[in-house]
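**Q** Take this structure, written in structure tokens, and hold onto it; I'll ask about it next.
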Amino acid sequence: MTVSSPANAPKTSGTTGSGTVRRVGAAIAAVGFFGAIAAAPLSASEALAITPAGSTQPAANQLFQSKAGADPAIDLSVASLEEAKVAGAPVNALFSLEEFMFKGAINWGGYKFTYYSQQVLPGEGLEVPGRHVNPAGYVSDADGFIVMAGSAPKGTVYDTPFGYQGKIYDRGTVGNHLDVYIR
């Protein structure tokens, strides 16, 4: 009679090798998921508030430079929510400009809002009477409407979650997608 020892025991289907790989993969996924949740409470300004070597200003408040270092490319600094409120931003805004820029897109009221910086393409050809940047950082017209691009007729007014109504002055999106002009 032959006695089987663990070393020569017959192998069964579902060996521990593939189970170990699955457990390790699940553990890695869990660490990534809970790591993302742990970092979520940080605002964009807090996440970027690193002071570069040799500088007195946090990186979030500096201009991004081209590789040649000559001219600033785009000013991506964002005022804090407290600064925007002090500067006259509406208190009924559901999202600050900082939150909007951090998210990149906001779905609200059946519309998808994205933003477009006037620094990318200043838009001198865009006829906006009294064009200016309001205290909250949105490009606005003389009547206080924030400037938007959309496929609706020019002059169409929309409610927005940013505390201001927006008005279509430009093209570039289709359907329920509205592009909001920011500084």
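**Q** Full-extension gain between V157 and K103, please, as 0.36 nm times their residue separation minus the C-alpha to C-alpha distance.
**A** Computed gain between V157 and K103 is 17.1 nm.
**Q** Could you sort the peptides 134-142, 156-164 by per-residue average Cβ neighbour count (10 Å cutoff), highest mean leading? All intermediate terms of the calculation are to be shown ahead of the outcome.
**A** Details: 134-142: 20.8, 156-164: 18.0.
So the peptides 134-142, 156-164, ranked by packing, come out 134-142, 156-164.
**Q** Sort H132, H177 by heavy-atom solvent-accessible area, probe 1.4 angstrom, most to least. Provide the component values of the computation, followed by the final result.
**A** On the way: H132 80, H177 50 Å².
Of H132, H177, the descending order of accessible area is H132, H177.
The values are calculated or read from the model by the stated rules, or taken from the named source; none is laboratory data. Please read all numbers here as calculations on a predicted model, not as lab measurements. Methodologically, a virtual Cβ is constructed for each residue, glycine included, from the backbone with ideal geometry; neighbour enumeration extends over all protein chains shown. Just the protein is used for accessible areas: all its heavy atoms, side chains included, with ligands, DNA and RNA removed. Shrake-Rupley method; radii C 1.70, N 1.55, O 1.52, S 1.80 Å.
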